[in-house]
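**Q** Please read through the structure below; I'll follow up with questions.
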Amino acid sequence: MGVLRENDADAAGNEREGVTKFHLCYTRGAPLRAARLATLQGWRRILFDLGLIGQEATEGGPIGFGNVSERFDAEQDGHERFLITATQTGHKPVLTPKDYSLVTGWDLAANRIDAEGPSPPSSESLTHAIFYASLADVRYVFHGHSPEIWSCAEALGLPSTARDAPYGTPAIAREVQSLLALPDCRATGLLVMGGHRNGVISFAASADAAGEILIQTLARARGLASRPSPW
Ligand SMILES: [Zn+2]
């Protein structure tokens, strides 16, 4: 059982630390080559610079947020895997290969993640797994926190999970799966996690597309926020 401490939320949707969100079967292993991680590294740095990845102060101390993942090709056995940033990395401007983990299996119904690598995977790995399990053409999933996008979700017409569906639960997994079944949601390439404060996720067949949709949506949210009052 993994007790992870990365921006967890309780049943009321409030952020708190130290909550077990999934069963983690983790095996320590060697880091991947830096060249294999270059695409994720580049986009992760952009998202950090924009504040979509980082850390926030809480009563219990600073908590990191934001994580990026990439489908890892099943070259030989057809087994599904994905690379993801490790837990407790949100505060770091630049990651090293030791800050990545390889998710080697998952069971959404049982809330279980199998992973190996130099560090345990992000506590939000199960959410990333939903995208890879649901959409065969998705190769990148980026999760950031943006108060601007989150608070404007309705005005921007963004697909959103219910505010009473807390992140990291089977309920939110089912809700994400049903949203991803909607063609409009798949075309948007981004959804807002209503029950996970400030949480947004983009997903696409390329890292460029997943990154650009986040940045474009942030620009739209800032555009809304900066409109002059009619009065
Ligand atoms: Zn989050």
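The values are calculated or read from the model by the stated rules, or taken from the named source; none is laboratory data. Just so you know, these numbers come straight off a predicted model, no measurement behind them. So basically every Cβ, Gly included, is an ideal-geometry build from the backbone, and we count neighbours across all protein chains shown.
**Q** Pairs please, first residue from region 181-206 and assigned to a loop (DSSP other than H, G, I, E, B) and modelled with pLDDT under 95, second anywhere and among the acidic types (Asp, Glu) and within 14 Å of the ligand (Cβ to nearest atom), Cβ atoms under 7 Å, 6+ apart in sequence or on different chains.
**A** As it stands, the answer is 197/15, since those pairs meet every condition given.
Every residue, every condition in (1) crowded, with 20+ Cβ neighbours inside 10 Å; (2) more than 14 Å from the ligand (Cβ to nearest atom), yes or no:
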{"residue": "88", "(1), (2)": "no, no"}
{"residue": "94", "(1), (2)": "no, yes"}
{"residue": "110", "(1), (2)": "no, yes"}
{"residue": "115", "(1), (2)": "yes, yes"}
{"residue": "122", "(1), (2)": "yes, no"}
{"residue": "154", "(1), (2)": "no, yes"}
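**Q** Still on this structure: What residue, of 115, 173, 129, is within 17 Å of the chain's Cα centre (by Cα), at pLDDT 90 or above and in a helix (DSSP H, G or I)?
**A** From the options 115, 173, 129, the qualifying one is 129.
**Q** Looking for whichever is among the small types (Gly, Ala, Ser) and over 19 Å from residue 33 (Cα atoms) here; the options are 64, 117. Which one fits?
**A** 64
**Q** While we're here: Has region 179-200 got at least one residue that is more than 17 Å from the chain's Cα centre (by Cα) and not aliphatic (A, V, I, L, M)?
**A** So far as region 179-200 goes, yes, one or more of its residues are more than 17 Å from the chain's Cα centre (by Cα) and not aliphatic (A, V, I, L, M).
**Q** Which one of these is within 22 Å of residue 47 (Cα to Cα) and either of a type in the set (Val, Ile, Thr) or without any contact (Cβ under 8 Å) to a residue 24 or more places away in the chain (or both): 141, 176?
**A** Matching residue, one of 141, 176: 141.
**Q** Additional query: Hey, can you tell me all the residues within region 135-152 that are within 21 Å of residue 204 (Cα to Cα) and either modelled with pLDDT under 90 or more than 15 Å from the ligand (Cβ to nearest atom) (or both)?
**A** Residues satisfying the conditions are 135, 136, 137, 138, 139, 140.
**Q** Does residue 71 satisfy being closer than 16 Å to residue 103 by Cα, away from the ligand (no atom under 16 Å from the Cβ) and buried (at least 19 other Cβ atoms within 10 Å of the Cβ)?
**A** It is true that residue 71 is closer than 16 Å to residue 103 by Cα, away from the ligand (no atom under 16 Å from the Cβ) and buried (at least 19 other Cβ atoms within 10 Å of the Cβ).
**Q** Looking at region 166-199 only, could you name the residues that are more than 23 Å from residue 215 (Cβ to Cβ) and either among the polar types (S, T, N, Q) or away from the ligand (no atom under 14 Å from the Cβ) (or both)?
**A** Answer for region 166-199, where residues must be more than 23 Å from residue 215 (Cβ to Cβ) and either among the polar types (S, T, N, Q) or away from the ligand (no atom under 14 Å from the Cβ) (or both): 169, 170, 171, 173, 174, 175, 177, 178, 181, 182, 183.
**Q** Same structure again: Examine region 41-59 for a residue that is at pLDDT below 95 and more than 16 Å from the ligand (Cβ to nearest atom), and state whether such a residue exists.
**A** yes
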